[in-house]
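These notes concern the structure reproduced below.
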There are 2 protein chains.
Amino acid sequence: MHTSFDPSLPPPTIREEDCPFCAIAAAHPPFDPIDPPHPFPSPPSAPTSYVVLSTPALIAFLDILPLSHGHLLLCTRAHRPKLTDVTGPEARDLGGCIRLLSAALVRATGIADWNVVQNNGAAAAQVVPHMHYHLIPRPEIRASGRYRESFTMFGRGQREELDEDEAEQLAEELRQQIADILREEQEDGESFLNKPPKQKL
Amino acid sequence: MHTSFDPSLPPPTIREEDCPFCAIAAAHPPFDPIDPPHPFPSPPSAPTSYVVLSTPALIAFLDILPLSHGHLLLCTRAHRPKLTDVTGPEARDLGGCIRLLSAALVRATGIADWNVVQNNGAAAAQVVPHMHYHLIPRPEIRASGRYRESFTMFGRGQREELDEDEAEQLAEELRQQIADILREEQEDGESFLNKPPKQKL
C-alpha cells in the first residue's frame, strides 16, 4: 500500500502521463542484472535513455545533462514525487542499489570519489518531480580544469549534453560491472538487493 | 563479511579510534525507535550529540554545524569510510532509514522540501571519513533571507553552531515523530526498517 505522509502538501507539478522518468521506465521492462541483454535493446518509442539497471521496483540510467562523466540517476519504476512517497520496500531497494551503482561507477570510470544527491521539492532544486537519486563522480580537482571547489550542485549552467556513442559504451560497461559485482557478491555470500537484513531492530 | 570494492584505494585519512562518529555511536547503544527513552540519556563521556535514532546497524543525529534547522546525519554504527564499504544489509537499512528520517523531518520542522546528500572522498567534499547521509531541510526561498539560489552544499562558511536547548527540543520532537510514523506504519502493514522487500529481482 502506498501512502503519502502529508496530505496537505501540494500535488506534484507534473502529471504521471507527462513524466519523462515514467516514460523511460515504461519502455524498459525489468531484466536480470546479473545477465543483462547484449546487445542492449533500444526501444524506438522511448525518450533517449541509457539504462544500466531495470528491476521490478527501480530503474537507473545516465543523466542526459551530466555534471560529470558517469552521472547516473536511480528512481522508482512507479511515479513517486518525493522520497516520502516511496514504499518501505522501495526505499530499502533504493539503498541497496545506491551501493551497487556506486561500486559499478567507481570501477567503470576509475574515479574513486563521488556524490549521492537526492532533491525533494522546488526549494531543494528538484527539477523532475519523480523522485531520483543522482550519483555524480568527482574527478580530482587537479585532474579536471572544469572542476570548481565550491561547485554548484544544481542548475544546468555547466552541464553538457551526453555524447551518444560515449554514453552507449559507458552504459554497456556499467551493466557489465554491475553483473560482475553481483556475481562476486553471490560467491561472497553478500547481497545488494534481495536479502533481508542480517539484524532486526 | 565486509569487503572493500577497490583495495587500491587509499586508506581512510582518520583512524577508527579518532573518528567522531564512532565515538557518538559507542556512547549511544541501540534503543527501540518505537519507544525511545524519555528523558533521553546524555552520556557524560560522549562528544556533544543529539541522537534521534540508534539501531544495531545505524545511528542518526543532528549535525552540530547545520546548514539549516533540522540538518540530520545518518551513518553506519561500524566505521565505513565510503558508501562502497558498507555491507549490503547496511545499505538497505540506510535506504529505509532515509525515508523514515525524511518523513519525521518534514513533520518536525514543517518544511516540505529537503536534500539528501552523501559525499565520498575528498574530491566530493567528504569531511569526516565515516560514511554518512546528510538530510537538509530547505525552507522556501522567500521565507529565509539566508537562502541563496545556488547555495554551496559543502564547506562551513555559512554554517552556524547548533543552539543546545533548541537542539535538545528538536531531537526529542524527531524521536517522537519517528515513533509515531513507525506506529502508523505498523497499523498500515508498511515497514521502514526490518521487512524483506515485497518483490525480488
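The values are calculated or read from the model by the stated rules, or taken from the named source; none is laboratory data. As the structure is a computational prediction, the values presented were derived from the model and not from experiment. All Cβ positions, glycine included, derive from the backbone under ideal geometry; neighbour counts span all protein chains shown. Heads up: the accessible areas ignore ligands, DNA and RNA and are worked out on the full protein's heavy atoms, side chains in. Shrake-Rupley method; radii C 1.70, N 1.55, O 1.52, S 1.80 Å.
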Quiz item: Along Cα→Cβ at 7 Å, what distances in nm separate the B:Thr48 label point from those on the other copies, shortest first?
Solution: 5.1
Exercise. Please give, to one decimal in nm, the separation of the simple spin-label points placed at A:Ala23 and B:Ala23, each 7 Å out from Cα toward the Cβ.
Key: 5.3 nm
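If you take the accessible area of A alone plus B alone and subtract the pair, what total do you get in square angstrom, rounded to 100, with a 1.4 Å probe?
Values: alone 11710 and 11690 Å², together 17850 Å².
Interface between A and B: roughly 5600 Å².
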Quiz prompt | Solvent-accessible surface ranking, highest first, for A:Glu172, A:Glu140 at 1.4 angstrom | solution = A:Glu140, A:Glu172
Practice problem: Answer rounded, prolate or oblate for region A:16-185, using the Cα gyration tensor with square roots of eigenvalues a ≥ b ≥ c: rounded when a/c is under 1.5, else prolate when a/b is larger than b/c, else oblate. | Solution: rounded
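Starting from the residue with the highest accessible area, list A:Asp35, A:Asp18, A:Asp180 in decreasing order, probe 1.4 Å.
The ranking, largest first, comes out as A:Asp35, A:Asp18, A:Asp180.
If I take R0 = 56 Å and measure r between the Cβ atoms of A:Glu168 and B:Thr48 in this structure, what FRET efficiency does the formula 1/(1 + (r/R0)^6) give, to the nearest 0.05? List each step's numbers first, then the result.
Working: r = 51 Å, r/R0 = 0.91.
Calculated value: 0.65.
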Exercise. Would you mind calculating the gained length between A:Arg159 and A:Val128 on full extension (0.36 nm times residue separation, minus the Cα-Cα distance), in nm to one decimal?
Key: 9.6 nm
Self-check item: Heavy-atom accessible area ranking, 1.4 Å probe, most first, across A:Arg183, A:Arg159
Solution: A:Arg183, A:Arg159
